[in-house]
1. Arrange the following residues from fewest to most other Cβ atoms within 10 Å of their Cβ: Glu95, Glu88, Glu335.
2. Looking at the chain, do any whole DSSP H helices span at least 24 angstrom along their long axis by alpha carbon and average -1.0 or above on Kyte-Doolittle, and which?
3. So how far, in whole Å, is the C-alpha centre of the stretch 383-422 from the one of the stretch 331-382?
4. Quick one: putting +1 on the C-beta of Lys and Arg, -1 on the C-beta of Asp and Glu, what dipole do you get for the stretch 6-99 around its Cα centre, in Debye to the nearest 20?
5. What's the magnitude of the charge dipole for the stretch 158-312 around its Cα centre, counting Lys and Arg as +1 and Asp and Glu as -1 at the beta-carbon? Answer in Debye, nearest 20.
6. Using the Cα centre as the reference, give the magnitude of the dipole from point charges on the C-beta atoms of the stretch 271-422 (Lys, Arg: +1; Asp, Glu: -1; all else neutral), rounded to the nearest 20 debye.
7. Just checking my list [x] 15; [y] 39; [z] 22 against percent of Cα pairs over 39 Å apart computed from this structure; which label fits?
8. Along the charge dipole of the chain, which of Phe16, Gln327, Ile103 sits closest to the positive end, that is, farthest toward it, with unit charges on the beta carbon of Lys, Arg, Asp and Glu (+1, +1, -1, -1)?
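Any read-out appearing in this document is the output of simple, stated calculations on the displayed coordinates, not a laboratory observation. Keep in mind that what you see is a predicted model, and the values were worked out from it rather than measured. Cβ sites come from the backbone with ideal geometry, for glycine too, and all protein chains shown count toward neighbours.
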Amino acid sequence: MMAGIELEVTADGYAFNVPGGVAIEIERLNEESGGLTGEITIADHNGLGTRLLHSARLNLMSSQSRNTLVKSLEKACDRVKWYHVLEEVCFLAKETHRKGNPIIKIGHLPPSQKPRWMIYPFLEESGSSILFGDGSAGKSVLAAAICIAVASGQNILGKTVCQPTNTCYLDWEACAEAHDERLKALCGPLDLPVPDNIFYRRECVPLAESAPNLRRELVKEKVGLIILDSLGAACDGPPEKSDVTTRLFNAVRSFGIPWFGIHHITKSNAEGGATKPFGSVYGHNLARLTWGIEAAQEEGDDCKGITLINHKANNGRIERKRTYRMQFHNEGEEENRHAIGIEIQLCDVSEFPELLKRRPINEQIIAALRAGSKTYIALAEATGIPVDSLMMPMNRLRKAGLVDKVDGLSPVQFGLVARIQQ
């Protein structure tokens, strides 16, 4: 081994400092049938400035390829022993790349100093979260709200637990101007300045292809959370195929930071209530958390109701459903309207009858009784459910101690136990 060659692991490969003022970078390494290949860049920093000596894709395992490169470099810069340098550099890159992460013992690690959540209960500090639902349900607005919450440390959607950190919105569907408008509209009603640590990148190619360059940018900007909008567009093939989905997850896992992904559902799932996002089952199985979104909005109404439903939680309980009122404040003529304010507030699902009808009967009963005690007939009118269909769910709710008869009323009325006891 040559003395003095220094190896540094970079965001997407390895950098070598060679005695004599030579720098070598090997990036985008890939195991192929012919061996391990990578993009090699060699620069001479000795003298008045930096001089590029060579940049190409090199088969690190091919003696012929290395010898050809040696001859080229000897003509460009004759003060370096290129044969020995390339032999060692290629060997070190190969050994380090194939070694991978070390095997460690677990079971006795010290407790993590980081909180488990970034935003409870939607985003964990380690791992991946997916929000899936039909088009125009409000997914991108919620993703923008999460960006603001993480970047500012403020409670906007759920409870922000993490310290403020840089975020980056990776967008395959819209444009910077659209997301910029959303950020301003979300911050306005909160009297919160738009955080200056939210980055944006317009994407046009699959994430698996752009990951190496993107990884360097994320490290450079010290990004602590990325948003992927959307996962289907970020794939390098049909998302129904398992290998396509696993390549996407492996690519984003290589960034080593938490991420929040937006995904879609099929038309049939939208009508029947989707429990998993569109595509390969791996899209649901590889995520640590998945939330579905259902929305209701009348024509011409600037208010939208959304219900978030937790379908998967790898590290804990399934969280209760949450319904939010998303109020848009717009200005301008019809042909040029734009949002100047967006308010997202927790609310009771009964505010949006269309969302309430999608809930199980027992939840519809409880929502109706929150407005006050009711007879069976009044309850049937409030829920639109026939009296005969209410009997069994009511018996279950009474056995569970949630609903009971209200004493002293005729005809018989039922109410929520918590209200009766007050």
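1. Values: Glu95 10, Glu88 16, Glu335 5.
Fewest-to-most ranking of Glu95, Glu88, Glu335: Glu335, Glu95, Glu88.
2. Numbers: long enough: 82-99 (25 Å, -0.50).
Span-like helices here: 82-99.
3. Spelled out, the Cα-based centre of one part sits 21 Å from the other.
4. Computed about the Cα centre, the dipole is about 260 debye.
5. 900
6. Values: 20 positive and 20 negative charges, 269 e Å.
In debye, rounded to 20, the stretch 271-422 gives about 1300.
7. Entry [y].
8. My answer, from the dipole projection, is Ile103.
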